[in-house]
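Enquirer: Structure incoming, see below.
Derivation of every value follows stated rules applied to the coordinates shown; laboratory data play no part. Keep in mind that this is a model prediction, so the values were computed, not measured. Positions of Cβ are generated from backbone atoms using ideal geometry, with glycine treated the same way; all protein chains shown enter the neighbour counts.
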Amino acid sequence: TSFDSYFLMNPDDVKMYVREKIAGFENTGKLSCKEIGDGNLNYVFRVVDEETGSSIIVKQAGETARISDDFKLSTNRIRIESNILKLQGELARGLVPKVSLYDERMNCCVMEDLSDHTILRTALLEQRVFPNLAEDLSTFMVNTLLLTTDVVLEHKKKKELVKDYINPELCEISEDLVYTEPFNNCNNRNELFPANKEWIEKTIYGDDRLRLEAAKLKFAFITNAQALVHGDLHTGSIFVKEDSTKVIDPEFAFYGPIGYDVGNVVANLIFAWANFTFTGGSNLDYRNWLESTIAKTVDLFTEKFLASWQENVTDIMAKEKGFAQWYLDGVLADTAGIAGLELTRRIVGLAKVKDITSISDEKSRVQAERVCLETAKAFILERKSYKNGQDFLDTLKKVY
Ligand code: ADP
Ligand code: MG
Ligand code: MG
Ligand code: MG
């Protein structure tokens, strides 16, 4: 097989590919390979050298989505993913997988195997505790976000990056699924839990004020080229192990609002909280850790953001007294607004989260969805009033 022109690989192709392309895998007799992808869009292969035990991941983008051949999508997303993983690896050392190869012909990215880690969403449903999570995620976000803004980067360099990360198709997915459909079901793709259908139609579709605020957030997402965001930073894009955090799957990356990433993290931690709370969770150490992680993620983000601002900001006007706080207030308002959008779209929209759908008791699921959606509405409508981590928890506790 020649890998000079693109085709979708099967596990045997991937074994040959790795032998040919990756140093250390050329000479071994025994390679095994399995497709382990669980996402909607791409193929993820794990190749293991059965003799030495060393292993590697090959992620290949198809010209259609993995879940549906009707859904055409440019393979440009794997270029974006490969490039940003390298950049994030420099900005946030140790917090993303190492990339060993980006192949623009085969549209694949070869990267470090993180199979000794667990996907955070899965680990949270098992009520496992990760003491470094808030530290690591806040460092990841401050380093990858603040350091790619106009207040830090030379403006021409920043505009070059904006160009490199133009990502219209994946942005459109977010514009539709996060910012539009949850509020009006305009494409008839929403899936409402039957026992909550009427309540959601009234409480979400029927709220003019909410739809107006969602509209404002939508056009901010489209126009606010603030920082190079990850763009899909939910708990399914985070790998964890006792002492390690790794952020994966940045194919949605583009220049957008910093709060897009922070808000996604907050919302998805709240989904884990809702799962715990509405499945009768009784492990109080876990609950306390999770709640403090929600608050600490926001507070450590703020603290590190201001410290990094002092150290790294270059633009002379950005050094005006009061500007950093004004900028941060905007980021926190976006964080609240976007956390609200994510909480809404994962319950109302097409793409669900296991945290909610796995709640098997009907009444509990109804309650979990309502608490998330009432919290979401407060986050969106009152977004300018969120100043610290406790503010987010207070809303959740008040609604609950
Ligand atoms: P998609 O873009 O299709 O969502 P992801 O990058 O999220 O693909 O990967 C899908 C799954 O493949 C992950 O949930 C994880 O189980 C596995 N995976 C992805 N990258 C790695 C890696 N570097 N090491 C080990 N497993 C991985
Ligand atoms: Mg994914
Ligand atoms: Mg996935
Ligand atoms: Mg993905």
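Enquirer: By how many degrees, between 0 and 90 and to the nearest 10, does the Cα long axis of helix 11-21 differ from the longest principal axis of the chain?
Expert: For 11-21 against the chain, the angle is about 70 degrees.
Enquirer: If you don't mind, there's one more thing I want to ask. Distance between the C-alpha centers of region 7-73 and region 317-332? Whole Å please.
Expert: 45
Enquirer: Cβ neighbours within 10 Å, averaged per peptide: list 214-224, 133-143 in order, most packed at the top. Write down the numbers at each step before the final one.
Expert: Details: 214-224: 16.9, 133-143: 22.9.
The peptides rank, most packed first, as 133-143, 214-224.
Enquirer: Describe numerically, in nm with one decimal, the distance between label points set 7 Å from Cα along Cα→Cβ at Asp113 and at Glu311.
Expert: Placing both labels 7 Å along Cα→Cβ, they lie 3.5 nm apart.
Enquirer: Right, here's the next one. Spin-label point model (7 Å from Cα, Cβ direction): what's the Tyr400 to Trp199 distance in nm?
Expert: The answer from the label model is 1.6 nm.
Enquirer: What fraction of the Cα pairs in region 11-112, stated in percent, has a spacing above 20 angstrom? Mind dumping the intermediate values first?
Expert: Working: 2099 of 5151 pairs.
When all Cα pairs of region 11-112 are counted, 41 percent exceed 20 Å.
Enquirer: For the chain, set up a Gaussian network in which alpha carbons nearer than 10 Å are linked by springs, and say which option among Arg19, Arg345, Arg365 fluctuates the most.
Expert: Arg19
Enquirer: Next question, about the same structure. Classify region 37-196 from the C-alpha gyration tensor, please: rounded if a/c falls under 1.5, else prolate or oblate depending on whether a/b exceeds b/c. The partial results should precede the final answer.
Expert: Numbers: a/c = 1.26, a/b = 1.11, b/c = 1.13.
Rounded, since a/c falls under 1.5.
Enquirer: Follow-up. Taking the square root of 5 times each eigenvalue of the Cα gyration tensor, what semi-axes in Å does the equivalent ellipsoid of region 169-210 have, largest first?
Expert: Values: eigenvalues 85, 31, 9 Å².
Equivalent-ellipsoid dimensions as semi-axes: 21, 12, 7 Å.
Enquirer: For the chain, what log10 I(q)/I(0) values come out of the Debye formula at q = 0.08, 0.10, 0.12, 0.14 1/Å, with one point per alpha carbon and no solvent?
Expert: Normalising to I(0) and taking log10 leaves -0.43, -0.67, -0.97, -1.30.
Enquirer: Students often forget the sequence filter, so: which lysines lie under 27 Å Cα-Cα from Lys321 once same-chain residues fewer than 8 apart are removed?
Expert: Candidates past the 8-residue exclusion: Lys156, Lys157, Lys158, Lys159, Lys296, Lys304, Lys384, Lys387.
Enquirer: Another question, if that's okay. Rounded to whole Å and sorted largest first, what semi-axes of the equivalent ellipsoid does the C-alpha gyration tensor of region 125-274 yield via the square root of 5 times each eigenvalue?
Expert: Values: eigenvalues 161, 109, 30 Å².
Largest first, region 125-274 gives 28, 23, 12 Å.
Enquirer: Could you check which residue among Thr28, Thr357, Thr293 shows the biggest mean-square fluctuation in a GNM of the chain with a 10 Å Cα cutoff?
Expert: Evaluated over the chain, the most mobile residue of the options is Thr28.
Enquirer: While we're looking at this one, here's another question. Straight-line reach from Lys30: which lysines fall under 23 Å, measuring Cα to Cα and dropping same-chain residues less than 8 apart?
Expert: Correct list for Lys30: Lys15, Lys21, Lys59.
Enquirer: Can you tell me the 0 to 90 degree angle between the C-alpha axis of helix 323-348 and the longest principal axis of the chain, rounded to 10?
Expert: 80
Enquirer: Also, quick follow-up: Output the peptides 262-269, 310-317 sorted from most to least packed, where packing is the average of other Cβ atoms within 10 Å over each peptide's residues. Please report the intermediate quantities before stating the final value.
Expert: Working: 262-269: 27.2, 310-317: 11.5.
Final packing ranking: 262-269, 310-317.
Enquirer: When the dipole is taken about the Cα centre of the chain, and only Lys, Arg (+1) and Asp, Glu (-1) are charged at their Cβ, what size is it in debye, to the nearest 20?
Expert: Numbers: 49 positive and 62 negative charges, 149 e Å.
Rounded to the nearest 20 debye, it is 720 debye.
Enquirer: Test of understanding: in a Gaussian network model of the chain with alpha carbons linked when under 10 Å, which of Ala324, Ala123, Ala195 would top the mean-square fluctuation ranking?
Expert: Top of the fluctuation ranking is Ala195.
Enquirer: How many percent of DSSP beta bridges within the chain run antiparallel, rounded to 5? List each step's numbers first, then the result.
Expert: Numbers: 32 of 32 bridges.
So the antiparallel bridges amount to about 100 percent of the total.
Enquirer: Then there is this: Any idea what the relative contact order of region 124-259 is, in percent, if you count C-alpha pairs under 8 Å spaced at least 6 apart? Don't jump to the answer; show the numbers that get you there.
Expert: On the way: 132 pairs, mean separation 44.8, N = 136.
The normalised contact order for region 124-259 reaches 33 percent.
Enquirer: Sticking with this structure for a sec: In degrees from 0 to 90, rounded to the nearest 10, what is the angle of the helix 258-278 Cα long axis to the longest principal axis of the chain?
Expert: Around 80 degrees separate the two axes.
Enquirer: What number, in nm² with one decimal, is the all-direction average of the projected area of the convex hull of the alpha-carbon atoms of region 315-400?
Expert: On the way: hull surface 27.9 nm².
Hull-based average projected area comes out at 7.0 nm².
Enquirer: A further question on this structure: Which FRET efficiency value, to the nearest 0.05, is calculated for Lys216 and Ile22 with the Förster distance at 45 angstrom and r the Cβ-Cβ distance? List each step's numbers first, then the result.
Expert: Values: r = 47 Å, r/R0 = 1.05.
Result of the calculation: an efficiency of 0.40.
Enquirer: Taking the simple approach of a point 7 Å from Cα along Cα-to-Cβ for both Arg209 and Asp243, what is their distance in nm?
Expert: Spacing of the two 7 Å Cα→Cβ label points: 5.0 nm.
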